[in-house]
Structure formats: structure tokens, C-alpha cells
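Input: a single structure, listed below in C-alpha cells.
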Amino acid sequence: MDPPDHEPAVAALPHAAREVWLSLDHEISAILGRDLVAIWAYGSLVGADRPRRPADLDTHVVLRSPPDAGTAARIEDAVAGIEGVEFDIWFITLDDARRNEEPPHAFREGRRDTSWAIHRAHWLAGRVITIHGLPPTEVVMAPPWEDIVRELDRELEHIERHVHESDTDPYEASYAILNGSRILRTLETHDPVLSKREAGAWALEHLPGRWLPALQAALRAYDERATPDDARLLASEMAPFVATVRDQLPATRDADAIPRWSGY
């Protein structure tokens, strides 16, 4: 059977991203042949709501089985050899992709996709482009709500680490506020499928007016239009906004648990 025709969707990608993803397909296909099941492109570059700042290319590659060490090294070299781009790329096996549990990386020991439920929610809602092979709708199952909540907790922990380390770079602070808004909207609607800019627009309408200046500054910073006043405001509002999100997120672990990123 011929592979499905994904050309119309692929053609809608930004030119530079499209060429990189097609180059990845060419390189990985040459290494794996029929053992390559699928390549899925997703994230901010897939939809019309694209950030002005260059973004990582979010990618999942599905393999028929784990590669041997030599093949894995060739894959790593091929990805590293595609210059001028940063991939956020995961390799998983087809069997693992069909399960609900967080899949391990196909050849990097000790790594798991801890955003697996949220990824699937986005893909099944159509926020994905199949570069190669089977589409996600033919592979993955819908995520249960409790798994999404657990992953929202992990996302917030990632943001809290930036707060803990006093990383108040305007873009990082805008990420914290907009992603925090996305968490709040997900909790209200049980729908995690929206971009950071969409989350900011929702927050402008639904959150208390106390947060309006910070949200407006975050949206400007996300588009790299932040003023010095925006930067100062975001630096001061990042921590209290994140604390507000934490207060509204259901507990998924012990309240006195040490953060996963602490190293202890």
C-alpha cells in the first residue's frame, strides 16, 4: 500500500521549517528504511499562530523497534548534521506509541516523554503535521484527564525552577505567564489544546484585572516587542503569577515533596 499523501499539509509549513523537516525525513529514511514508521511535526510552527522568535522544531519519530547502538549513533549524527536549527526531538517505538504510559526514548537510556498525554491531546485535535508515514490518529490513544493534570504539574514545576533561579529574562518570564495561563485555562475547560498566544488572549478576558498589565507585557515579549518597562514588570510579576497558578492546580503529589529538578 502506498504511504498517505501528506503534501498539502506539509506545504503549509513555513519554508525554512518545511525544508528542515523534509531533510530530517530524507536522512532518517535512508538509515532506517521500512523501520521508520512516522515523523510528526507539531508545536508553535505548525499552526497559523507562530511566534516571531525562532522556535525549536518539536518532532516525534516513531520506529518499528529500538535501533542497535551503531544505528542509533548514525541517527544522532544525522540530526546533528542538519545545521541552523534546534530540534526538540523524541524517538519512540511503535509499540510504546500505542500505549497510554509515558514512552521511553527508543535509544537514550533513562529518558521518558513526560508530556505524552498533552502531546497526544494536541495531535488528536489536529495540531500536528505528518511528515512521514502513519498519522497520530492511527497510532495513539486519547489521554485520560488525570494524566493531563499530572503533566500540567510537571510543566508548572519547570516554570517554578526558572522562578527559583531568578531567571527573569523577558522571554522566559513571558513563557511563564503565558504557559501559566494555558494551565489555568486547561483546568477550567479540560482542554489543553491551545497555543501560548491563545492562552494569553483567554487570560486577558477571564483573569482578574490585577494581571492585565503583566499579560499584555507577556504577549509583547513573546513577539519580541517588550519595552524596558515591560521587562521590569514581568520580572516583578512572574513569581506571584506562578504562585497563583500553583494555588489552583490540584495536588498530584505530597505538598512537602522535593521538586523533581532539585537534584536531591
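Summary table
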{"quantity": "Options P14, P8: the member that is modelled with pLDDT under 85, open to solvent by 40 Å² or more (accessible area, probe 1.4 Å) and at negative phi", "calculated": "P8"}
{"quantity": "Single residue of the range 151-168 satisfying the filter (assigned to a helix (DSSP H, G or I) and β-branched (V, I, T)) that is surrounded by the most Cβ atoms within 10 Å (Cβ to Cβ)", "calculated": "I159"}
{"quantity": "Contacts under 8 angstrom Cβ, first residue in the range 233-248 being touching a residue at least 12 places away in the same chain (Cβ under 8 Å) and acidic (D, E), partner open to solvent by 40 Å² or more (accessible area, probe 1.4 Å) and in a helix (DSSP H, G or I), 6 or more apart", "calculated": "E237/P213"}
{"quantity": "Count - residues of the range 190-218 that are open to solvent by less than 30 Å² (accessible area, probe 1.4 Å) and within 16 Å of F241 (Cβ to Cβ)", "calculated": "8"}
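The values are calculated or read from the model by the stated rules, or taken from the named source; none is laboratory data. Since the model is a prediction, treat every value here as computed from it, not as a measurement. Reconstructed Cβ throughout: ideal geometry from the backbone, glycine too, with neighbour counts over all protein chains shown. Just the protein is used for accessible areas: all its heavy atoms, side chains included, with ligands, DNA and RNA removed. Shrake-Rupley method; radii C 1.70, N 1.55, O 1.52, S 1.80 Å.
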